[in-house]
Amino acid sequence: MLNIQGQSTALAHIQRVVHSGRIASTWIFAGPTGVGKFHTAVEMAKTSLCDHPIHRPNMQNGELFNALLEPDFVLTLPCGQCESCKAIELSTHPDLHVVSRELIRYHDRDGKSKGTTLSIQVIRGEMIGDDSPEHRVEPKIYKRSQRGRGKWFIIDDADVMVIPAQTSLLKTLEEPPAQTFIILITTSPTELLSTIRSRSQFVQFRDLSFAVMVPELVNRGAGEAQAKLLARLSGGSLGRAIIFMQAVIASDRDEQDKADTKTPATDQPAFPHWINTISSTLDNIFTGRNGGMALAEVIQKSAEQYAKTMLKRDPLASKDRFVRDGVGLMLGFVAAWLDDRLRHATGAQIIAPLPSHVQAIPLANAQECIAVCRQAEMQADMNAHIGVLLASTCIALEQALRTAVPA
Ligand SMILES: [Zn+2]
C-alpha cells in the first residue's frame, strides 16, 4: 500500500487494522469513482498473500510518509518480488478473486442483462456456488486457499448487486469461512443492505486534490493545461479523468479525420471538441442565438460519440450505460461553464476556465442553472429516459439563463 496518493486517512486506517492482526473478514471501501479504492483493495490482498511481507517504519517510507501515523509506526507492505506478489501483478493469483461487471455477460444465461446490475448468478458463480441440478457450480468461497495464505474476494461496484444477490452473500458473511476476506467496493454504500454494512469494516476514500491529480495526469501524457482542466472536470476522480482523457483523445482523432471545420476557432487548442461545442452553444443560448433544444441535441450527440469510443475499449459493456455516463460527463461541462460565470460574478479565482465569450451572469440565475444540472446528472444515473430528460433540462436551463440576461 505504498503508491496510492492522496488517501492518507484510508491507508492509515487499514495499516492500523493490519497492525492489530485482527483483520475483519468483510470490508467496505466507499468513496468517489477512480480515487484508488480498487487499487488499494488489490494492494491489501497482495500484502496479506505475500510470502515475505516487508515491515518498515513509516518515517523510512520516503515521500509516501503518512502524516496520520506515528513516525515509528511499523507499516506492513507487500514485497513485490515473491511468486505471490508477481501472480497478483499478472492477475493470475489463484486466491484473489475479482467480481466485476465484466463477469455479468459470462453468467447471463438468458442473454438479457444490460450489464447494469450484478445478479445472483454472478455471486453464485464467482463466490457462493449454486446447487441447482442444472447449473451446479462449486462454491469458490468454501474451497481451500491454494497457496495456503487465505483467500480474497473483491467485489467491484458492489452497490449494483441486486437485492437477492446481496441477501445470498449476507448468509456467507454471517458465518465467513476461515481466512477468507471480502472487500466490497462502492460509490454508494447506502445501496448495500444495512445488515451487510453492519458486518463490515468501513473505510472511506475521498476526492483527490488538484495537487495529486495534475502531476499524475501529466505523467500519463496530458499537457499541463489539459491536466488542470481534466482534474477540474473529473471532480477529484483520477480514474474518471484518465478514462475521459482517453475518450477525448480517441474522439478528437475521429473528429480530425472527418476534418470538421465547424469546430469554433479558439486560442486554447487544449480543449476537446465536446467542450468547445457545449461551451459555444451555451454562449449562444445566453445571447439568444440558440434555444435550449440546440444544447439537448449537442449533448445527446456528444454522449453517443462518447459511448461509441468507450464501446471500442470495452465491447461487452452496455451501450446504454455509456450513453448515460456520457450525458453525465457533458452535463458536467455545462456545470463547469456555469461555475466559471458564477466565479466571474463573484470575483473568485477560476482554475482552468472553459472557453467562452460570456463573462459574468447574475448569481441567482447561475445558481438556479447549476441546480438544474445537478438534478439532471442524478436522473441520468437513474432510469430516466435520456431524450426526455435532456429536453426538459435544457429548456429549464434556457429559461434560467435568459432571465439572467440584463435588460
Ligand atoms: Zn511478496
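The values are calculated or read from the model by the stated rules, or taken from the named source; none is laboratory data. Computed from a prediction, not measured in an experiment: that's the story for all the values here. Glycine also receives a Cβ, built like all others from the backbone with ideal geometry; neighbour counts cover every protein chain displayed.
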Discussion item. Given the condition within 13 Å of the ligand (Cβ to nearest atom) and within 27 Å of ARG240 (Cα to Cα), answer yes or no: does some residue in the range 19-32 qualify?
Written reply: no
Fill in: Sole residue being closer than 21 Å to GLY150 by Cα and over 25 Å from the mean Cα position of the chain (by Cα), chosen from ILE54, ILE14, ILE28
ILE54
Worksheet item: So is SER209 of a type outside the set (Asp, Glu), closer than 18 Å to ILE242 by Cα and surrounded by fewer than 17 Cβ atoms within 10 Å (Cβ to Cβ) or not?
Response: yes
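Filter the range 147-174 down to residues that are outside any loop (DSSP other than H, G, I, E, B) and either touching a Phe, Trp or Tyr at 6+ places or on another chain (Cβ under 7 Å) or within 24 Å of LEU49 (Cα to Cα) (or both), then give me how many there are. Explain how you work it out, then say what you get.
Step one: filter the range 147-174 for residues outside any loop (DSSP other than H, G, I, E, B), giving 151-155, 158-161, 163-174.
Going one step further and asking which of them are either touching a Phe, Trp or Tyr at 6+ places or on another chain (Cβ under 7 Å) or within 24 Å of LEU49 (Cα to Cα) (or both), we end up with 151-155, 158, 169, 172-174.
So the answer is 10.
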Fill in: Whichever residue in the range 56-81 is in contact with a helix residue (DSSP H, G or I) (Cβ under 9 Å, 6 or more places away or on another chain) and within 16 Å of the ligand (Cβ to nearest atom) and, among such residues, is farthest from VAL17 (Cα to Cα)
GLY80
Practice prompt. At least 2 residues that are closer than 21 Å to ILE350 by Cβ and either touching a strand residue (DSSP E or B) at 6+ places or on another chain (Cβ under 8 Å) or modelled with pLDDT of 90 or more (or both) in each: list the helices (runs of 4 or more DSSP H) lying fully within the range 207-317 that qualify.
Written response: 273-286
Practice prompt. For ASN3, work out the one condition from (1) more than 16 Å from the ligand (Cβ to nearest atom); (2) within 24 Å of ALA241 (Cα to Cα); (3) at pLDDT below 85 it doesn't fulfil.
Written response: (1)
Worksheet item: List pairs: first in the range 86-100 and charged (D, E, K, R), second surrounded by fewer than 13 Cβ atoms within 10 Å (Cβ to Cβ), Cβ under 9 Å, 6+ apart or cross-chain?
Response: LYS86/THR92; ASP95/GLN146; ASP95/GLY148
Item to complete: Among the residues of the range 80-100, write down those that are surrounded by 15 or more Cβ atoms within 10 Å (Cβ to Cβ) and in contact with a His (Cβ under 8 Å, 6 or more places away or on another chain).
Response: CYS82, SER84, ALA87
Worksheet item: On the given criteria, is ARG144 in a loop (DSSP other than H, G, I, E, B), modelled with pLDDT of 85 or more and in contact with a helix residue (DSSP H, G or I) (Cβ under 6 Å, 6 or more places away or on another chain)?
Response: no
Worksheet entry | Lone qualifier among VAL35, VAL42 - being within 16 Å of the ligand (Cβ to nearest atom), buried (at least 19 other Cβ atoms within 10 Å of the Cβ) and among the hydrophobic types (A, V, I, L, M, F, W, C) | VAL42
Fill in: Qualifying positions in the range 84-119 - modelled with pLDDT of 85 or more, of a type in the set (A, V, I, L, M) and more than 16 Å from the ligand (Cβ to nearest atom)
VAL98, VAL99
Worksheet item: Quick check: is even one residue across the range 204-221 among the basic types (Lys, Arg) and touching a Leu at 6+ places or on another chain (Cβ under 6 Å)?
Response: no
Worksheet item: If you take the residues of the range 45-55 that are of a type in the set (A, V, I, L, M) and crowded, with 17+ Cβ neighbours inside 10 Å, which of them is farthest from the ligand (Cβ to nearest atom)?
Response: ALA45
